[in-house]
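Trainee: One structure, pasted below without further comment.
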Amino acid sequence: MFRNLFFAAVLAGLAAGLVMSAIQQWRVIPLILEAETYEGEGHSHGKEAAVADHAHEEGTPAHTHDENAWAPADGFERIFYTVLSNVLIAIGFALVIGAVSVLAEIPLTLANGILWGLAGFAAFQFAPAYGLAPELPGMPAADLVARQAWWWSTVIATGLGIAILAKFRSLWAIIACVALIAAPHVIGAPQPPAGDHSDVPAHLASAYAAAALGTGAIFWFILGPLQGWLLDRFSKGGAA
């Protein structure tokens, strides 16, 4: 079983990560590059490096840079490392939902794979983005540690609420699910200091948020069903 889970996670993560990388190059990176023209000198990236900094769990990383830090060269090297990071993150997400499936004793199959994808999207992207929208370079942001703490607490609370509802499906489970999902938003996400402003146009920020969430949705709706299909195939092969 664990061998099946591992190989299904690797293959599904590889496919979903590659698709996500292609969509980022098409829709997300051009917006990041345009935003960087408003950011000022000394802060622009190569376009593929920008994806690694801004295109995943938007809200966790602040837009900070170490002048002495290593960075891949423009061109193929940046593209390679960006795609590699996307694929590794995708495999990590696939392993997480596989582990949750085992621990919660809720099978992940082709039939319910889209629901697993929806749950992953809700927990890792939609719920955090409701409080901390995906941010472009040059936009004001709250303290990094505070943002990371709120982001992770939102992911955990949302995921736990969905898992409880999926496992028990009773009145108390519905109440617990709603309470857990709402709690981080009632507390409120950390916001940038009052008076901070951004030169990035509002239409560009909204377009980036939509593109980032859309890319995330496509990623999860590939990962969930594909991983479920692979697990079905591996299980049938093992039974045979």
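Here's the yes/no breakdown for (1) under 26 Å from ALA9 (Cβ atoms); (2) among the hydroxyl-bearing types (Ser, Thr, Tyr):
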{"residue": "LEU171", "(1), (2)": "no, no"}
{"residue": "LEU180", "(1), (2)": "yes, no"}
{"residue": "GLN191", "(1), (2)": "no, no"}
{"residue": "ALA202", "(1), (2)": "no, no"}
{"residue": "TYR208", "(1), (2)": "no, yes"}
{"residue": "SER235", "(1), (2)": "yes, yes"}
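Trainee: Mind listing whichever residues of the range 127-146 are buried (at least 17 other Cβ atoms within 10 Å of the Cβ), within 14 Å of the chain's Cα centre (by Cα) and assigned to a helix (DSSP H, G or I)?
Mentor: ALA127, PRO128, ALA129 - these are the residues of the range 127-146 that are buried (at least 17 other Cβ atoms within 10 Å of the Cβ), within 14 Å of the chain's Cα centre (by Cα) and assigned to a helix (DSSP H, G or I).
Trainee: From LEU230, LEU226, which residue is part of a helix (DSSP H, G or I), over 21 Å from GLN125 (Cβ atoms) and within 23 Å of the chain's Cα centre (by Cα)?
Mentor: After applying the criteria, what remains is LEU230.
Trainee: Looking only at the range 147-181, count every residue that is exposed (fewer than 14 other Cβ atoms within 10 Å of the Cβ) and part of a helix (DSSP H, G or I) and tell me the total.
Mentor: Residues meeting the conditions: 9.
Trainee: Shifting gears a bit: Restricting attention to the range 152-210, which residues are touching a Lys or Arg at 6+ places or on another chain (Cβ under 8 Å) and closer than 21 Å to PHE121 by Cα?
Mentor: If the condition is that a residue be touching a Lys or Arg at 6+ places or on another chain (Cβ under 8 Å) and closer than 21 Å to PHE121 by Cα, then ALA173, ALA189 are the ones that fit.
Trainee: Here's another thing I want to ask about it. Exactly one of these conditions fails for ALA12: (1) at negative phi; (2) modelled with pLDDT under 55. Give me its number.
Mentor: The number of the failed condition is (2).
Trainee: Of the residues HIS185, HIS197, only one is more than 23 Å from ILE106 (Cα to Cα), of a type outside the set (Lys, Arg) and touching a helix residue (DSSP H, G or I) at 6+ places or on another chain (Cβ under 8 Å); which?
Mentor: HIS185
Trainee: Could you list, ordered by first residue, the pairs with Cβ atoms under 7 Å in which the first is in the range 193-204 and assigned to a loop (DSSP other than H, G, I, E, B) and surrounded by fewer than 10 Cβ atoms within 10 Å (Cβ to Cβ) and the second is modelled with pLDDT of 75 or more and not acidic (Asp, Glu), at least 6 apart or interchain?
Mentor: If the second residue must be modelled with pLDDT of 75 or more and not acidic (Asp, Glu), the pairs left are HIS197/PRO140.
Trainee: Could you list all residues from the range 220-233 that are surrounded by 20 or more Cβ atoms within 10 Å (Cβ to Cβ) and either within 15 Å of LEU11 (Cβ to Cβ) or at pLDDT below 95 (or both)?
Mentor: ILE222, LEU223, GLY224, PRO225, LEU226, GLN227, GLY228, LEU230, LEU231
Trainee: So, one more: Here are the criteria: (1) over 24 Å from TRP26 (Cα atoms); (2) modelled with pLDDT under 90; (3) among the small types (Gly, Ala, Ser). Tell me which single one ALA202 does not satisfy.
Mentor: Checking ALA202 against (1) over 24 Å from TRP26 (Cα atoms); (2) modelled with pLDDT under 90; (3) among the small types (Gly, Ala, Ser), the one that fails is (1).
Trainee: Quick one: would you say ILE23 is at pLDDT 85 or above, touching a helix residue (DSSP H, G or I) at 6+ places or on another chain (Cβ under 9 Å) and either part of a helix (DSSP H, G or I) or buried (at least 17 other Cβ atoms within 10 Å of the Cβ) (or both)?
Mentor: yes
The values are calculated or read from the model by the stated rules, or taken from the named source; none is laboratory data. Please read all numbers here as calculations on a predicted model, not as lab measurements. FYI the Cβ positions are ideal-geometry reconstructions off the backbone, even for glycines, and counts take in every protein chain you see.
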